[in-house]
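S.K.: I'd like to ask some things about the structure below.
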Amino acid sequence: MVASNLKSETMDLMQKRTAIEAQMNAIISRLCQPGGPGLSGNLVDSEGFPRSDIDIPVIRSERGRLTELRNDHMEITEKINQNIQVLHSAKPASNLSLSRDAGNTEGSNGSSVTTVASPSSNGISQSDSSTTMDIDANGGIPFALVDEIANASPAADDGLQLGDQVLKFGDVEGGDDLLRRLASETQSNQGRPVAVVVMRHGTPVNLTVTPRSWQGRGLLGCHFRMM
């Protein structure tokens, strides 16, 4: 009975997260449209005056709302992952996932890992109902959250998405002094592919990200928030 209630709660949380992702994508699309200021672009011109080509109060409001939605998305994702761990620890002998309980038998071999080969935008990818319910814990603990990613950046082009929770970035898999280690891993692998594993909608995703120079700042064009 408890497990059934926890599954129901997790399904509800996933639906809420999908709704949040839709709102975030809509805001990101508006901010990043041609001529727009983007997620963090300047609201003043080269002389320091407010830009006349954009509605600054609206931009500030949308950026503030996006920050709120990111925080809500992170909290819900953390709760979903906690529920997943409880469900799996309650049945250690089985590899059942919510997707199979819901009648989805595809990928039922236990600890499936999705490989992403195509580029993505800087928005959040929304899962359809079957993917959303495909829950499979792999034992790893996310240590960082992708909470900002620039359009056409190396990170975005190589498949990272807003809201991804990082399980592995090259040789970094948690521990202490994470920011310094992530920066070092990125700089030492400039121009070389780095194996990355993220948790996306409760499913581990394998990526290959290549740090490199581009028109924006840094070698990746994204920001990690430690969890």
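S.K.: So which trypsin sites (Lys or Arg not before Pro) in region 139-227 end up in coil per DSSP with only 15 or fewer other C-beta atoms within 10 Å?
M.R.: Filter output for region 139-227: 217.
S.K.: State, to one decimal in nm, how far the label point of residue 72 lies from the label point of residue 180, with both points 7 Å from Cα in the Cβ direction.
M.R.: Going by the 7 Å Cα→Cβ label model, 3.8 nm.
Computed from the coordinates by the stated procedures, all read-outs in this text should not be read as laboratory data. Quick caveat: nothing in here was measured; it's all calculated off a predicted structure. With ideal geometry, Cβ positions are generated from the backbone for all residues, glycine too; neighbour counts draw on all protein chains shown.
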